[in-house]
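Undergrad: This is the structure I want to talk about, given as structure tokens.
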Amino acid sequence: MMILMDAVLLLVAIWASYALRLSNWSPAITPERITLAFFAVAVAIPIFIRLGLYRSVIRYLPEAAIWTILRAMMIATMCWVIIIFLTEMTGRGIVPRSVPVLYFALGTLLIGSTRFAAKWILNAGTGMRRDEEPIFIYGAGPTAAQLARALRGHGNRYVMGLIDDDPANHGHDVGGYRVFPPRDLPKLVERYGIKEIVLSMSSIPAEARQAVIARVSGLGIKIRSVPDISDIVDGRYIVNQIREIEIDELLGRSFVPPDKDLLARALSGKTVMVTGAGGSIGSELCRLIATWKPQKLVLLEASEYALYRIEQELTTKGGPEILPVLGSVTDEQLVRRTIRAHRIEVLYHAAAHKHVPLVEANVLEGIRNNVFGTLTLAQTAAAENVQNFVLISSDKAVRPTNVMGATKRWAELIVRQLAIQARSSGSKQTFCAVRFGNVIGSNGSVVPLFKEQIAKGGPVTVTDPDMTRYFMSIPEAAELIVQAGAMSEGGDVFLLDMGEPVRIGDLAENMIRLAGFKVRNAENPDGGIAVKVIGKRPGEKPFEELFYNRDHARLTAHPKIMRADASTICHQDLKGALAALEDAVARENEQDARTVLFSLIDGNDVNLQ
């Protein structure tokens, strides 16, 4: 149908060319002119086919297609001029020289205008439908224009315009959409009933992006983002996919690329074992390790379902040999059999009970798993000549006020003691601990809880809005853990740079705003989602620390990793304390176990790292 229409339009262009040249709207139709008109169409259509004019779907015809039409008409006109020249040489009549020029201009106009008119008609279904939500796109670059075109007529979003910080773009149209200044956002949101703003700003600096998110998040509308171009290239997103803004984008953390030499040194060609492989940190460690071509990856996990999930995920991706082992780190026979059978070279110990209130309510089990599980694993690793042992510790191990933090401190001391023994015996084995704060999205952490509460309409419950915590993303934590382990000299406690602590009340309010709601407070008593204070839980500290003494922390080759100075550590009678703790647990005397647990730390941690 398009070929037939183009043939008719070209004939009309030839007729109009003669009419304009001769100033006669009914020029004589002679056999010579009919023949030349036939040749014009016969030459043009194959050229149009060759240049792809019939491959484009009219509904999605890009504006750049006009250049293809111009080129096609130019080539077709030149070929027609050659035919005209040959016919004049045979004495079959003379064509006025201006006719081919007029034919080119009129043909281009007719061929191009009919295509773009058809596109406009097909897309004119065009005003906003009832089921569509009005949105703005923040940004006026190529990605924003591409996103606006992708959303046009598809899904339930209707783009009302673009927002951009550059004053040079204000009041102009980009891709057919008006560009507005950010200062007009509040009145634009109210005027058009905007439900969502999509950020198309992946190429701008992180600081500027965070400022925009903070500015937009107070409008009570949803905020989403198009993926970074690197994510698109890596295949993690498609180009028109819109994702949620993650809370870590508001934390202001600077990104430091991982040291690939450290990662390769720690993992490539090694037989690696991860305990707690199905947990938040453990599973992310497994994903990272699998990409660095270890010889074998052993997954030790007590939860059957968690082990199944991570084993299936890693197996389907291909890569190293994956060996799932179901069991607990407290099972000495299982641990020894696994390490010996697979000749483990590198061991990351992430298995632990980490939920503060639950461990506080289950003291004996917390001690069994976190203290004696670490003791069993570390002693077995030492006996079976594991080259590198890395304990995943916690900021709650610093001056702990709860059982979970105290057990993690004991685990650090156990690892340090085995490192001292390895050094004194001349062994090249290294034992170290990596201490950091909360990771965003981990199982049982506050961020998934807040998301769930917001999805239910609130309220969002906080124990104390003035409480502060350190946060970092799970992938960043996993990368830093492996890099820290690669730098270990034995007995180290590595401290990850967590940035600035985040006030929990601010975190809750930011998450409410990012979800597209307003915070219900004294200024807004009737709408939005409330933040409800429920009081501190047993064992919770108002703030967390990464250091016993910051002056004793030394820099490393990595700007995000510090090393605690182990020379200041007092020499506790760890063996006697472990025996007393084991006796209390065996007698199931929770009070005695708690007393022993804290007495060792309270009495000897004054000068600790």
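Every read-out reported here was derived from the displayed coordinates using simple, explicitly stated rules and does not represent laboratory data. Just so it is clear, the model here is predicted, and its values are computed rather than measured. FYI the Cβ positions are ideal-geometry reconstructions off the backbone, even for glycines, and counts take in every protein chain you see.
Undergrad: Ranking request for peptides 477-484, 21-28: highest mean number of other beta-carbon atoms within 10 Å first, then the rest in descending order.
TA: With the highest mean Cβ count within 10 Å placed first, the list reads 477-484, 21-28.
Undergrad: Tell me the label-point distance for the pair A455, I83, using the 7 Å Cα-to-Cβ offset, in nm and rounded to one decimal.
TA: 6.6
Undergrad: Taking 0.36 nm per intervening residue step and subtracting the Cα-Cα distance, what contour gain separates D592 from D573 on full extension?
TA: 5.1 nm
Undergrad: Moving to a separate point now. Using a 7 Å offset from the Cα along the Cα-to-Cβ direction at both K428 and I534, what is the distance between the two label points in nm, to one decimal?
TA: 5.2
Undergrad: What full-extension length gain, to one decimal in nm, is calculated for Q295 and R340 as 0.36 nm per residue of separation minus the Cα-Cα distance?
TA: That works out to 14.6 nm of additional length.
Undergrad: Further, regarding this structure: Sort K293, K260, K354 so the one with the fewest other Cβ atoms within 10 Å of its own Cβ comes first.
TA: K260, K293, K354
Undergrad: Roughly speaking, what is the centre-to-centre gap between segment 142-191 and segment 348-393 when only Cα atoms are used, to the nearest Å?
TA: A separation of 53 Å, based on Cα centres.
Undergrad: For labels at D184 and E332 in the simple 7 Å Cα→Cβ model, what's the distance in nm?
TA: Here the modelled spin labels are 7.5 nm apart.
Undergrad: Whole angstrom only: what separates the Cα centroid of segment 27-50 from the Cα centroid of segment 258-298?
TA: Centre-to-centre (Cα) distance: 70 Å.
Undergrad: Then there is this: Arrange D497, D164, D466 by Cβ neighbour counts within 10 Å, fewest through most, would you? It would help to have the intermediate numbers written out before the result.
TA: Numbers: D497 17, D164 23, D466 12.
The fewest-first ordering by Cβ neighbours comes to D466, D497, D164.
Undergrad: For segment 389-536, what number results from the quotient of the Cα radius of gyration and 2.2 N^0.38 Å? Could the numbers behind the result be given before it?
TA: Working: Rg = 19.5 Å, N = 148, 2.2 N^0.38 = 14.7 Å.
Working it through for segment 389-536, the quotient is 1.33.
Undergrad: Next question. Which ordering of I281, I504, I420 is given by a fewest-first count of other beta-carbon atoms within 10 Å?
TA: Exposure proxy ranking, most exposed first: I420, I504, I281.
Undergrad: Something else about it: Taking R0 as 35 Å, what's the FRET efficiency between R50 and H172 from their Cβ-Cβ distance, rounded to 0.05?
TA: Calculated value: 0.40.
Undergrad: Next question. So if each residue of separation counts as 0.36 nm, and I subtract the Cα-Cα distance between M5 and R71, what length gain in nm does that give?
TA: Here the answer is 21.9 nm.
Undergrad: With a cap of 11 neighbouring Cβ atoms within 10 Å, and only residues DSSP puts in a loop, list the trypsin sites (Lys or Arg not before Pro) found in segment 449-486.
TA: On the way: sites: K451, K456, R469; in loops: K456.
Listed in order of number, the matching sites are K456.
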